[in-house]
Amino acid sequence: MLVRLIAVLVALVAVVVLYFTAALKWNYSSGERAGWVQKLSKKGWICKTWEGELAMVSLPGSAPEKFFFTVFDDDVAQAISRAMGKRVSLHYEEKVGLPTSCFGETRHYVGSVTVSDEIPLAPGVVLPTPAAAAADTPPPPAAASAAAPRASQ
């Protein structure tokens, strides 16, 4: 009787471990979301995860849509934190079937971040960022002549 009970418990633990492994490895979907990170914080009573909010604007002047996400990796969270205030693209994987909030508050898990240097307004129309625009413009004539050394002295 005791051997049977132990066998059932071992089988039950094996099924639970297999379920969690499959739920963590399998993705329902994956993709990219672009916008500005508004919030990133480490939350949780026991299981601490990075939870964030990305503001996505489809057209200038329109109300932003919020994309809530979770980050497991501390290095990715630090990269997102350094990119706050800049337009970013987040690569995420959507996981379905994780039973507790110990794995995060959302189903969207961010794995990487890319900082975008340009702001697209429409297909083929791009608004350069101020830093990129300043690098492309030559200095004004007054500044150029003042910066040149005087050969007559």
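The table that follows gives values for the structure above.
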| quantity | calculated |
| --- | --- |
| Separation in nanometres of the label points that stand 7 Å from Cα toward Cβ, at Ser116 and Val8 | 5.6 nm |
| Inverse mean reciprocal Cα-Cα distance (Kirkwood Rh) of segment 27-130, Å | 14.4 Å |
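Readers should treat all values here as calculations from the given coordinates under stated rules, not as data from a laboratory. All values derive from a computational prediction rather than experimental measurement. All Cβ positions, glycine included, derive from the backbone under ideal geometry; neighbour counts span all protein chains shown.
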